[in-house]
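Heads up: the structure comes next, in structure tokens.
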């Protein structure tokens, strides 16, 4: 396993989300657009802008999948307080279709993010089978409750003991 | 990382395919005053009225796909 050389200073500080009053952030206020129709119209209009189209093409050419890009766009909308997260998730297929339309019109190749990696899936299923086999071997001769107690003790020992971890 | 985009896109895609299958079949319902007739009447909404928001999304996706097909035909015709 790789050892991290530097402390993760770019990560959010615990409790950072509570440094503002409730309602002071755009996503905590009522959304500007509440219906799917409004939100779709907004995004389609924005994505027809030449500068946005160019940005989308550049991002797709950097091998970012369409699913990730669509999800990021809608999450940005939620952060700006434009729409709620559920409306955002609902409009994702339209965003994806629009992105793919732009990419096809420009004739660039892109990854949809829905391609199945069959080899990886087989590997995953083998790992799962291996885990269950090992578990069965471990259970042989041991009571189920005894194993559960042992696992719980191990998990408790691994729990963080910092300031936030205190009870 | 969990990405909801794939799931929702596939759900809409499935709905479009199901819609095509239903449209291809003869869906004439027998005349009656039962609950089924009322439900089917409710489903026959037109214009901007949709039963569920996802229906609007499905319509938008179909429109965009048609637009893409037309665009590709145009591009192939020009080349």
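Only the coordinates and a few stated rules stand behind these numbers; no lab work does. Everything numeric in this text was worked out from a predicted model, so none of it was measured. Here the Cβ is made from the backbone with ideal geometry for all residues, glycine too, and neighbour counts use every protein chain on show.
Taking the simple approach of a point 7 Å from Cα along Cα-to-Cβ for both residue A:68 and residue A:108, what is their distance in nm?
1.4
Using the 10 angstrom Cβ neighbour count as an exposure proxy, how do A:46, A:82, A:116 rank, fewest first?
A:116, A:46, A:82
Ignore the peptide's own chain and count Cβ atoms of other chains within 10 Å of each Cβ in A:86-94; give me the average, rounded.
Taking all residues of A:86-94 together, the mean is 6.
Which distance in nm do the two modelled labels at residue A:156 and residue A:54 give, with both placed 7 Å along the Cα-to-Cβ direction?
For the pair residue A:156/residue A:54, the computed spacing is 6.2 nm.
Given springs between every Cα pair under 10 Å in a Gaussian network model of chain A, which of A:128, A:75, A:90 has the largest fluctuation?
Ranking A:128, A:75, A:90 by mean-square fluctuation puts A:128 first.
Just from its helices, what would the mean residue ellipticity at 222 nm be for chain A, if runs of 4 or more DSSP H residues each count -39500 (n - 2.57) and the sum is divided by every residue, rounded to the nearest 500 deg cm²/dmol?
-19500 deg cm²/dmol
Would you kindly work out the equivalent ellipsoid of chain A from its C-alpha gyration tensor and give its semi-axes, the square roots of five times the eigenvalues, largest first in whole Å?
Each semi-axis is the square root of five times an eigenvalue, giving 42, 27, 17 Å.
Select from A:99, A:40, A:127 the residue whose mean-square fluctuation is largest in a Gaussian network model of chain A (Cα-Cα springs shorter than 10 Å).
For chain A, modelled as a Gaussian network with Cα springs under 10 Å, the answer is A:127.
Against the longest principal axis of chain A, how steep is helix A:85-106, in degrees 0 to 90 to the nearest 10, with axes from Cα atoms?
60
With axes computed from alpha carbons, what is the tilt in degrees of helix A:50-61 against the longest principal axis of chain A, rounded to the nearest 10 within 0 to 90?
Result, in degrees: 30.
Under the definition of partner shielding as Cβ atoms of other protein chains within 10 Å of a residue Cβ, what is the mean value for peptide A:151-159?
Mean partner-chain Cβ count within 10 Å for A:151-159: 0.
Please compute the contact order of chain A in relative form: average sequence separation of alpha-carbon pairs under 8 Å and at least six residues apart, divided by the residue count, as a percent.
Answer for chain A is 23 percent.
Counting other C-beta atoms within 10 Å, which of A:20, A:42 has the fewest, and how do the rest follow?
A:20, A:42
Using a Gaussian network for chain A with springs between C-alpha atoms less than 10 Å apart, which of these wobbles most: A:122, A:22, A:78?
A:122
What is the angle, in °, between the Cα long axis of helix A:36-47 and the longest principal axis of the Cα atoms in chain A? Nearest 10 is fine, range 0 to 90.
So the inclination is approximately 70 degrees.
Using a simple spin-label model with points 7 Å from Cα along the Cα→Cβ vector, what separation in nm is obtained for residue A:42 and residue A:117?
3.5
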